[in-house]
Amino acid sequence: MSALEIYQFNCRSDNFGVLIHDPDIGITASIDAPDENAINEALDQKGWTLSHVLLTHHHFDHVEANIALKQKWGAIIVGNQADQDRIPGIDIGVACGQHFDFGTHKAKFIDTPGHTIGHVAIYFADQKLLFTGDTMFALGCGRVFEGTAEQMHKSLSVLAALPDDTVVYCGHEYTLANAGFAMTIDPENSALVERVAQIKALRADKLPTLPTSIGQEKSTNPFLRVDDARIRQRLNMENASDVDVFAEIRRRKDEF
């Protein structure tokens with residue numbers, strides 16, 4: 001069984017598009033469908049034929065191209081069964097915690113509510129590969145639009161429990177802005193200071209800051225470090241619950 005081939009590209013103003021290709025079967029999926037033209041151009045560049053669209057959530061900038069890609073390629077649209085009423089053109093609904101067979105690989109749909117109620121992360125355990133949509137970003141997390149701080153904190157905790165060497169692809173290039181905010185929360189973290197310098201260099205050269213990894217996020221992402229004593233002291237929340245610390249960090253990011 002060959003490894004999945006991955007191609008990441010920019011689309012819209014700050015979205016990432018990602019194609020995954022199973023060379024053993026010759027099938028290709030788009031992770032979310034933010035932009036028809038960008039996805040088709042990427043497919044042309046790779047010489048791949050689109051067979052599936054695997055969706056993390058229903059927001060417009062992640063599903064806009066669903067119908068167009070289905071019409072052009074006959075692509076099968078796959079999403080969260082519990083949220084299928086909000087997913088344009090969905091063909092297959094997968095229950096959270098269950099797997100979708102993508103060629104020779106299994107994609108687990110992990111329930112990650114918070115940003116939206118029906119948000120999922122897509123995890124290929126055999127590849128140590130995770131697509132987090134708008135739940136986890138490099139050095140950040142999504143806004144809590146439909147869910148609660150408790151739900152989002154739990155969702156991030158579930159993802160943080162995956163192996164440290166899991167490779168993570170996110171839905172947006174928000175890393176530089178997230179880095180600036182993270183330094184206001186965790187400025188004494190030497191791993192964060194070093195990472196911020198790397199991020200600034202990448203963006204100065206117009207290079208992507210993704211993928212990241214679970215281990216890197218656990219050591220530098222303030223939303224995954226709510227139990228850190230220095231962060232709690234800085235927030236004057238030494239004795240607060242993890243959820244309350246998370247909620248305060250999220251509140252500060254919303255106003256940053």
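The values are calculated or read from the model by the stated rules, or taken from the named source; none is laboratory data. The structure displayed is predicted, hence computed values, not measured ones. Note that each Cβ is placed from the backbone with ideal geometry, even for glycine, and that neighbours are counted across all protein chains shown.
General remarks:
- Flag set for residue 196, criterion: part of a helix (DSSP H, G or I), surrounded by 15 or more Cβ atoms within 10 Å (Cβ to Cβ), on the phi < 0 side of the Ramachandran plot and modelled with pLDDT of 95 or more.
- Taking the criterion of being polar (S, T, N, Q) and surrounded by fewer than 24 Cβ atoms within 10 Å (Cβ to Cβ), the residues of the stretch 152-174 that qualify are 157, 166.
- Tally of residues being closer than 30 Å to residue 10 by Cα and assigned to a helix (DSSP H, G or I) across the stretch 200-245: 15
- For residue 69, the test of being surrounded by 20 or more Cβ atoms within 10 Å (Cβ to Cβ) and farther than 22 Å from residue 121 by Cβ is failed.
- Here the stretch 108-151 is the region considered, the condition is being in a loop (DSSP other than H, G, I, E, B), touching a strand residue (DSSP E or B) at 6+ places or on another chain (Cβ under 8 Å) and of a type in the set (Ser, Thr, Tyr), and the residue that is surrounded by the fewest Cβ atoms within 10 Å (Cβ to Cβ) is 135.
- In summary, residue 80 fulfils each of the numbered conditions (1) touching a residue at least 24 places away in the same chain (Cβ under 8 Å); (2) among the polar types (S, T, N, Q); (3) surrounded by fewer than 24 Cβ atoms within 10 Å (Cβ to Cβ) with the single exception of condition (3).
- For beta carbons closer than 9 Å, sequence separation of 6+ or different chains, a first residue in the stretch 19-45 that is outside the structural domain of residue 59 (by TED's automatic domain parsing) and under 16 Å from residue 70 (Cα atoms) and a second that is among the β-branched types (Val, Ile, Thr) and at pLDDT 95 or above, there are no qualifying pairs.
- Evaluation of residue 17 against (1) closer than 16 Å to residue 133 by Cα; (2) out of contact with any Gly (no Cβ under 9 Å at 6 or more places or on another chain); (3) at pLDDT 95 or above; (4) surrounded by fewer than 17 Cβ atoms within 10 Å (Cβ to Cβ) (one fails), failing number: (4)
- Residues that are at pLDDT 95 or above and farther than 17 Å from residue 94 by Cβ number at least 3 in the following helices (runs of 4 or more DSSP H) confined to the stretch 27-73: 36-46, 66-73.
- Counted residues, the stretch 84-102 - those being free of Cβ contacts under 8 Å to residues at least 40 places away in the same chain, within 19 Å of the chain's Cα centre (by Cα) and within 23 Å of residue 25 (Cα to Cα): 3
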